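The values are calculated or read from the model by the stated rules, or taken from the named source; none is laboratory data. Model, not experiment: these values are computed from the prediction. Here Cβ is always computed from backbone atoms with ideal geometry, including for glycine, and neighbour counts include all displayed protein chains.
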Amino acid sequence: MVQALNGLTTAATLFITASGLTLVFGVTRIVNFAHGSFYMLGAYLAATLIPHLVQALSPSIGFWSGIVLSSLTVGLIGVLFELLVLRRVYRTSELYQLLATFAAVLVMSDLVIIIFGRDDIFGMKAPGLENSVEILGRRFPSYDLFVIALGVAVLGALMLLLRKTRFGVLVRAATQDRAMVGVLGVNQALLFTGILFLGSFLAGLGGALQTPRLPANSQMDISIITECFVVTVVGGMGSIPGAFLAALLIGQLQAFGILILPKINLVLVFLLMAVVLVVRPWGFLGRPETSTQAQLPEEEWSFAWTHRHYAILAVLLAALAMLPALVDGYALKVVTEMLIMSLYAVSLHFLVVTGGLISFGHAAYFGLGAYGAALLVKHLQLPMEISLAGAPIVAALGAALFGYFIVRLKGTYLAMLSLAAAQIVYAVAFQSDFTGGDNGLIGIRPSAWAASRGAYYYLALAVVLVSLAVLRHLVNSPFGFTLRATRDSETRAAAVGINVLSHRWIAFTVAGAAAGVAGGLHAFMNGSVDPTLLSVSTSVDGLIMLLLGGLQSSAGAIIGAVLLHEMKNEFIALTDYWRLFLGVAIILLIMTMPRGTIGALQQARDKLLQLTTKAVTKSIQGGANDLA
C-alpha cells in the first residue's frame, strides 16, 4: 500500500509538471526542452524565497505564498522566453525550434549556478504537514498525501479551464487545428504567450512543490524533462487526461519496478514509451498527426562536381596529409576528433535531410559503435583492427532493430520514439556491469602500429574519408533519389511502386552504421567509453552541428561539427560557465543565420553577385548614354 502511495506521489508531481509541457506542445507544436529548466527554477526560487517570507510573515502564509510566488515568477520567465526567443522561430523547421529550446537549457543551467551557487539548497518542511500518518500499519508522509490531492485538484482545474472558458476553447481548438484558429482571426501571438505562461507556471509549481522533499540542484532539469516527455507522448500530445493516465501508470511502474526489477528500473519507463508508440503511435488519448514530415530546406548536395570542386578537395586533402608535420600532438588530436564528429554529423544529415527522418536519438548508434568496439577489446581480447570493423556492425544491428519500429511512425512521434530507443540503450549501459555501468570502460588502446604520433590520425582520416565517400555515393545512387522521393511525398512515392518503409529502414540502418564507425574511432582515440556517449546531449549535439553548418549541404554538417567543437573548446578554456556562452551563441546564430553557415555564405555570394551585376549594368548604360 505504501509503495502504491509512493507511486501516486511521483505520478502527481509528474502530472503537474508534464501537463504544462502537454499544453505547450498541443498549441505551439514545439518540443520544449526548456520545460525542465522551468521546473528547476521553480525549485530554486521556492527554496530561496520561502525562508525569507517565513521570517517576514507567519510560517504557513510564508511557505504557501512562496510556492505561489515562485510559480508565478517562473510563468513570467516563460513569457519572456516566448517573446525573446520562441516567437522568432515559430515559422521555422522543428529542428530550429528544438535547438532554440535546448540552447535555453544550456543558458539556464549555468545561470542557476551563478545566481544560487553550486551547492544543493534544501527547502523548508511544509507547516502542518511535517509529520506522517499511519496507513494499514505503515507510516506515510502527510506532505506526500497533500501532493497527491493537489495533483487531482490540478487535473480538475485544468479540465474546467479548458471546457468552461474562452481561453480553454481556443487552446482546444489550436490543439486540433492551429491553422484554422489563425484563419478565424484569433490573435495567435497572444494565445501562444498565454499558453507559455500557463505551461511554465505548472512547471515552476511542480519544482516548487519538491522543495520539502528534495533539495534544489542543477541536475534537476535533465532528469525531469525526459520523464515529462514520456508522460506527454504516452498520454497523447496535447491531451491533459491522457497525461494524467500516463503519469499514474509511470508512477506505479517506477514505484514497483525498483523492487521487482531493480537492474532495469531506468529502462522500464522508456520501454513503456516505446511499446505504446509502436502499438498506438499517438498515445493513449492523442490524435494522429495530420502532417507527416517536418519542413526541411531543399537539399543541395552537389551531384556533378566541377574542376573547381576537385581542385578545392585536392588542396584540402593535401593540407590534411601534411598536418602531422605542422602541428603538435594536442592539435592533431583535436583535428582527429573533428574528423570523427564530422562523420557523425554527416550520418545524421543523411538520415534527416536525405531521408526526412528527424531523430532525437542518433547518439544511440554512435554510442553502440563505441561500446561495440570497446567490448570486443575488453571481453574478447580482439585487436583494434577487428574491433573497429565490428563497431559499425553492432551499430547497424541496433539501428535495424529500433529502426524497424521507428520508421513506421511520423512527425514528432517518430522523433520521440527515436529518443526512447536512445534512452533505453543509455539506461542499459548505465546500469549493466557488463558495460562498466556509469563508470564505463577504460583501457581501449589502439594497436602498437597506430599508437605512434600521427598514425592514428591517418587511420581516422582514411576511415572517415571512405565513409563519407560511401554516403555520398548512396545519395547520388538510384536508392538516394527514391529515398528523397519518399521524403518529399510519401503518397506519390508509394503510388509509383516505391516501398517507402523499406527505403526508410535501410536509410536508418545505414545512418546508424556510419555513426557506429565514428563511435568506434572515438573509443580508440580517447581510450575509454562511458554512458555520456549515448546521452540526450550527444544526440542534440548532432542536430546543433547540422543547423550551425546548414541543412542544405552535407558540407554544412562538416562545417557545423568543426564549429561546435571549436566553440566548446574556446568557451571551456575561457570560463567555467561555457554552457551559458554556448547557449547564447547558438540562439544568436539561429536568429541571425537561420540557414546556417552555408546558407549565410550563399546569401552573401548572391547579394554580392547582384550588386556586381547592377554596377556593371549601370556602367554599361552610362557608357552607352555617353556615346549617344
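A few points about this structure:
- Test: residue in the stretch 141-149 that is among the small types (Gly, Ala, Ser) and more than 31 Å from the chain's Cα centre (by Cα): yes
- Of all residues making up the stretch 415-456, the number that are surrounded by 22 or more Cβ atoms within 10 Å (Cβ to Cβ) and either in the same structural domain as Thr22 (by TED's automatic domain parsing) or touching a Ser or Thr at 6+ places or on another chain (Cβ under 8 Å) (or both): 9
- Ser359 meets each of the listed conditions (1) surrounded by fewer than 24 Cβ atoms within 10 Å (Cβ to Cβ); (2) under 28 Å from Thr226 (Cβ atoms); (3) of a type in the set (S, T, N, Q) apart from (1).
- The one condition in (1) under 27 Å from Tyr413 (Cβ atoms); (2) without any contact (Cβ under 8 Å) to a residue 40 or more places away in the chain; (3) surrounded by 19 or more Cβ atoms within 10 Å (Cβ to Cβ) that Gly78 fails to fulfil: (2)
- Residue within the stretch 376-392 that is in a helix (DSSP H, G or I), farther than 25 Å from Met273 by Cβ and under 25 Å from the mean Cα position of the chain (by Cα) present: yes
- Residues that are over 35 Å from the mean Cα position of the chain (by Cα) and farther than 18 Å from Thr336 by Cβ, drawn from the stretch 308-325: Arg308, Tyr310, Ala311, Ala314, Val315
- Selected residue [farther than 12 Å from Phe284 by Cα and either at pLDDT 90 or above or part of a helix (DSSP H, G or I) (or both)] from Gly242, Gly206: Gly206
- Residues being buried (at least 24 other Cβ atoms within 10 Å of the Cβ), of a type outside the set (Ser, Thr, Tyr) and touching a Phe, Trp or Tyr at 6+ places or on another chain (Cβ under 9 Å) - total across the stretch 1-23: 5
- A single entry from Val133, Val79 fulfils the requirement of being under 34 Å from the mean Cα position of the chain (by Cα) and aliphatic (A, V, I, L, M): Val79.
- Criterion violated by Ile225 - all others in (1) outside the structural domain of Asp120 (by TED's automatic domain parsing); (2) of a type outside the set (Lys, Arg); (3) at pLDDT below 85; (4) in a helix (DSSP H, G or I) satisfied: (3)
- Only one of the numbered conditions (1) farther than 27 Å from Gln252 by Cβ; (2) surrounded by 12 or more Cβ atoms within 10 Å (Cβ to Cβ) is violated by Arg166, and that is (2).
- Meets criteria (without any contact (Cβ under 8 Å) to a residue 40 or more places away in the chain, under 28 Å from the mean Cα position of the chain (by Cα) and loosely packed, with under 14 Cβ neighbours inside 10 Å) for Thr575: yes
- For the stretch 529-551, the criterion of being farther than 28 Å from Val353 by Cα, surrounded by 18 or more Cβ atoms within 10 Å (Cβ to Cβ) and touching a residue at least 24 places away in the same chain (Cβ under 8 Å) is met by at least one residue.
- Subset of the stretch 458-475 [surrounded by 14 or more Cβ atoms within 10 Å (Cβ to Cβ), more than 28 Å from the chain's Cα centre (by Cα) and either aromatic (Phe, Trp, Tyr) or under 15 Å from Phe350 (Cα atoms) (or both)]: Tyr458
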